[in-house]
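Q: Encoded as structure tokens, here's the structure I'll be asking about.
The values are calculated or read from the model by the stated rules, or taken from the named source; none is laboratory data. Keep in mind it's a predicted model, so treat the numbers as computed, not measured. Methodologically, a virtual Cβ is constructed for each residue, glycine included, from the backbone with ideal geometry; neighbour enumeration extends over all protein chains shown.
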Amino acid sequence: MIEKQVLGKHYVEYASQPDEWVSNMEITKHSIVQHVLNAAPVTALSEPIKVVVLGASDKRYIAIHARVFSDVLGKKVKLSTLDVDTEHLGNGTDVVEHDVTKAFPHAPYAVVFSHELMKFLTKEEQIEVIKNSYDALGVGGVAMHIMHEPSIKGTKELRSWQHRVDPDELLQQLAASDIPARKLVFQSESTVEWLRETTVIVLQKAE
């Protein structure tokens, strides 16, 4: 896992991003979640719907994630955010300091969501987190792990201290563990070019 000192510097840099960037990310996230849940609907819909977000680079995303999921699902949502370091996210009861390579607390969840988390993890950690996400799902739940072109192709937006991701290799590892998963590839509605090409590993817990 990336050292906390490096992550801390990343969080400080990210906090300087203007609100316009974060607003575009809300549009991006909304379009992705809408696409994924159209393709893989959540059937565990008792309210409030429990959603857990794995990692967030900025505290502004906590409210954004809550809005996105309540809007797309059309129901009341109880959202939690797990992060290995939560100082940059504030001290709300919905923020939990937790290493997501370990079993998630307070499971089961109807939705598990990660957006560009994988590039912060080694290859070994990537598969462990995805397996944990499946284990944390309730019946009828959906996990989605979102990646963009830099994480997969190693383009210039990927920092030297971040890791590339191979979705196909991850799918093979999941299949070897008898965990059902599939890959969705589509264009998001982002105004940022490198955020448009979107790959999502999707897992569903069968009823």
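Q: Would you mind telling me which numbered condition in (1) surrounded by fewer than 21 Cβ atoms within 10 Å (Cβ to Cβ); (2) of a type in the set (S, T, N, Q); (3) under 15 Å from the mean Cα position of the chain (by Cα) Thr155 fails?
A: So Thr155 meets the others, but not (3).
Q: Cβ-Cβ below 6 Å, separation at least six or inter-chain, first residue in the range 118-142 and at positive phi, second modelled with pLDDT under 95: which pairs?
A: Gly140/Thr43; Gly140/Ala44; Gly140/Glu207
Q: On to the next question. I'm trying to understand the selection: among the residues of the range 60-74, which are surrounded by fewer than 17 Cβ atoms within 10 Å (Cβ to Cβ) and either of a type in the set (A, V, I, L, M) or in contact with a helix residue (DSSP H, G or I) (Cβ under 9 Å, 6 or more places away or on another chain) (or both)?
A: Ala63, Arg67, Asp71, listed by residue number.
Q: Does any residue in the range 30-48 that is within 15 Å of Asp71 (Cβ to Cβ) come within less than 7 Å, Cβ to Cβ, of a residue that is among the small types (Gly, Ala, Ser) and surrounded by 19 or more Cβ atoms within 10 Å (Cβ to Cβ) six or more places away or on a different chain, and which pairs are these?
A: Ser31/Ser188; Ile32/Ser188; Val42/Ala110; Val42/Gly141
Q: Hey, could you check the range 1-29 for residues that are among the hydroxyl-bearing types (Ser, Thr, Tyr) and touching a residue at least 24 places away in the same chain (Cβ under 8 Å) and say which is surrounded by the fewest Cβ atoms within 10 Å (Cβ to Cβ)?
A: Restricting to residues being among the hydroxyl-bearing types (Ser, Thr, Tyr) and touching a residue at least 24 places away in the same chain (Cβ under 8 Å), the top hit is Tyr14.
Q: Tell me which of these Lys205 doesn't satisfy, since it passes every other one: (1) surrounded by fewer than 16 Cβ atoms within 10 Å (Cβ to Cβ); (2) under 22 Å from His106 (Cβ atoms).
A: So Lys205 meets the others, but not (1).
Q: Here's a check for you: in the range 173-189, which residue that is small (Gly, Ala, Ser) and closer than 17 Å to Gln204 by Cα is surrounded by the fewest Cβ atoms within 10 Å (Cβ to Cβ)? Before you say what the answer is, go through the steps one by one.
A: Restricting attention to the range 173-189, the residues satisfying the condition of being small (Gly, Ala, Ser) are 175-177, 181, 188.
Okay, now just the ones that are also closer than 17 Å to Gln204 by Cα, so 175-177, 181.
Numbers: Ala175: 11, Ala176: 9, Ser177: 12, Ala181: 22.
Checked the range 173-189; the qualifying residue surrounded by the fewest Cβ atoms within 10 Å (Cβ to Cβ) is Ala176.
Q: Just to be sure, is Glu116 closer than 23 Å to Ala40 by Cβ, among the charged types (D, E, K, R), within 13 Å of the chain's Cα centre (by Cα) and at pLDDT 95 or above?
A: Against the criterion (closer than 23 Å to Ala40 by Cβ, among the charged types (D, E, K, R), within 13 Å of the chain's Cα centre (by Cα) and at pLDDT 95 or above), Glu116 qualifies.
Q: With the structure loaded, tell me whether Thr101 is of a type in the set (S, T, N, Q) and within 21 Å of Glu125 (Cβ to Cβ) or whether it fails that test.
A: Values: of a type in the set (S, T, N, Q): yes; within 21 Å of Glu125 (Cβ to Cβ): yes.
In short, yes.
Q: Quick check on the range 53-71. Is at least one of its residues within 23 Å of Ala15 (Cα to Cα), in a strand (DSSP E or B) and modelled with pLDDT of 95 or more?
A: Yes, because at least one residue in the range 53-71 is within 23 Å of Ala15 (Cα to Cα), in a strand (DSSP E or B) and modelled with pLDDT of 95 or more.
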